Structure formats: C-alpha cells, structure tokens
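These notes concern the structure reproduced below.
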Amino acid sequence: MEYFSYSVSPEIFARFPGYVRGVVIAHEVKNGPSPAELVQMMREAEESVRARVDLEKIAEEPRIKSWREAYRAFGAKPSEFRSSVEAMARRALRGDQLPSISALVDLGNVMSLRHLLPAGAHAIDLLNGDIELRFATGEEDFVAFGSEELEHPLPGEVVFVESSTNTVLTRRWTWRQGNHTLTRPETTAIEFNVDGLPPITRDEVEAASAEVAELIRRFCGGTSRIDYLTAETPRISLAP
C-alpha cells in the first residue's frame, strides 16, 4: 500500500486562527456491525446532548456557533447548510435515534455527540493521491453520499480534496461526505478527523482523539496512531 501525505492549507489557518484537526490513523482494522455495547454508547451520547443543549438555543451553543460563523465566513448559509455536528445534535434533540451503520461510523457519531465537535472517518485504502483541506477553486468534482449527481463546490468554499484527481471527499468543511472514501464493511485502513475550532482547545481535541483511538482498538482492532494538523505542523504522513 502506498502512503500519501495529508495537509491543511496555510490559508485555512490564517482565516481561522486556533483551528486544530486531530487525525487518528488506523491500519488493519475490521469494520463489522456494531456490537450492542457500542450501540448503547451511541444512545447514551444522544441522551447527553439532550441534557446539555436546548434545541431552541442550539445556534448559540458555543461549539455549534463557531461552525455556523465559519460557514458564514466562506459563504455558506448556516441555516441551509448545517455542520455535521449541528445536524446530528438537532436530530438527537428531536428524539430521533441515529441508525447503527457500522462500528467505525458509529464510534465517530459517539465522539461527535459526546464532545459536540465534528468527527468522522475516511477510508484511506481507497486513495489515489495526497489529500488536503483547502479553499475550493470551483473546478473540483463532488458526488455526495447516496447520490450519482456530479457537483462542483463554490469558489472559496472549504473542501477536503484528493489532490491528484481533484475529487472532493467532504464539501463545506464538515457538511457532507462524498462517495469516494466512504467507510465500508471491507475498509481496512482509515484516517479519522476530529475538528476543533475555538472555543474548543487543543487539549480537548487531543482528549477526543485519544478516545477515538481507544474505541477503534476496542471495537475494530488494528494499529493506530494520532497526529495533529496545526498552523505549525500543516502536513503529516498517512503511514502507520
């Protein structure tokens, strides 16, 4: 397996000071159905959101508000395009249970709800080149999960991209994932993003990333390590 690089554009850090992306890199994992214990963790995480957040005031919750402001800054209406963590929290607050999809997907949802921050995985055994979080030119290609329709991001939108093919892996930073690197039952290698915008601190991103790594080892096995993409360290390797 060829190991590619993973970077965040310096322009992202310049526009959004204090941003940190924790990256859990795991190889030789097994992504089966979630055991009852993990599903119960997801139910408890949903309940924890109901205990902490008021649906009527969710837009003012600091960990949600920071993403709404970031989306607004690159031209996306936050009421129309909600960050993954806001969409998930709203679902929990309405009393809707998240479906159990697979161990790797479910543990990401657990972490996102527990910490109220975006968290999710990409299958790196499907990559064809280096990956980067950057501002879009508008020429990139995106096919959303569950769709066959080809889209192009708006220039200036924050996108997660496979550079060699100009394929968007996630549109609007933490909004919607594409088909290319979806976590599937046959996935054996992943990188797991844990996103922190102030007021979330580097320490909180580190704690959440450590929990992700522990849950991956517990429910999916394999080997894992943790790295961080910051203004000081904007590039890492996806090697084990």
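The values are calculated or read from the model by the stated rules, or taken from the named source; none is laboratory data. Because the structure is a prediction, the values reported are computed rather than measured. Glycine also receives a Cβ, built like all others from the backbone with ideal geometry; neighbour counts cover every protein chain displayed. SASA here: full protein model, heavy atoms, side chains in, ligands and nucleic acids out. Shrake-Rupley method; radii C 1.70, N 1.55, O 1.52, S 1.80 Å.
When all protein chains stay in place and ligands, DNA and RNA are ignored, the 1.4 Å accessible-area order of SER224, SER9, largest first, is SER224, SER9. With a cut-off of 12 Å between beta carbons, the residues surrounding ASN128 carry a summed charge of -4, where Lys and Arg count +1 and Asp and Glu -1.
Dividing the summed -39500 (n - 2.57) terms of all DSSP H runs of n ≥ 4 by the residue count of the chain sets its mean residue ellipticity at 222 nm at -10000 deg cm²/dmol.
Sparsely packed loop sites in the range 200-240 (the GluC sites (Glu not before Pro) outside DSSP H, G, I, E and B with at most 15 other Cβ atoms within 10 Å) comprise GLU232. Computed as a quarter of the hull surface, the mean projected area of the alpha carbon convex hull for the range 108-182 stands at 5.1 nm². With all protein chains kept in place, the per residue accessible area of the range 1-100 amounts to 50 square angstrom at a probe of 1.4 angstrom. Considering only C-alpha atoms, what is the centroid distance from the range 44-72 to the range 163-240, in Å? Distance between centres, Cα-based: 21 Å. Considering only ALA210, ALA26, ALA51, the mean-square fluctuation computed in a Gaussian network model of the chain, springs between alpha carbons under 10 angstrom, is largest for ALA51. When the solvent-accessible area of the range 198-240 is split by element, carbon and sulfur atoms take up 52 percent of it, the probe being 1.4 Å. Computed from phi, the 3J(HN,Hα) profile of the range 152-159 under the Karplus parametrisation 6.51, -1.76, 1.60 (θ = phi - 60°) reads 10, x, 7, x, x, 6, 7, 9 Hz, with x in place of Gly and Pro. Taking the DSSP beta bridges with both ends in the chain, the antiparallel portion is around 90 percent. Heavy-atom surface analysis with a 1.4 Å probe gives the range 29-135 a carbon and sulfur content of 48 percent of its accessible area. Scalar couplings 3J(HN,Hα) for the range 226-240, obtained by applying the Karplus form with A = 6.51, B = -1.76, C = 1.60 to θ = phi - 60°, are 10, 9, 9, 9, 9, 4, 7, 10, x, 9, 9, 9, 8, 5, x Hz; x denotes Gly and Pro.
Both radii are taken from the alpha-carbon atoms of the chain; with Rh as the Kirkwood radius, Rg/Rh is 0.93.
Counting only residues at least eight positions apart within a chain, or on another chain, the lysines with an alpha carbon under 29 Å from that of LYS65 are LYS57, LYS77. Dipole orientation for the chain: of the candidates ALA73, THR188, ALA103, ALA73 has the Cα lying most toward the positive pole (charges on Cβ; Lys, Arg +1; Asp, Glu -1). Per residue, the accessible area of the range 116-223 comes to 39 Å² when a 1.4 Å probe rolls over the protein heavy atoms.
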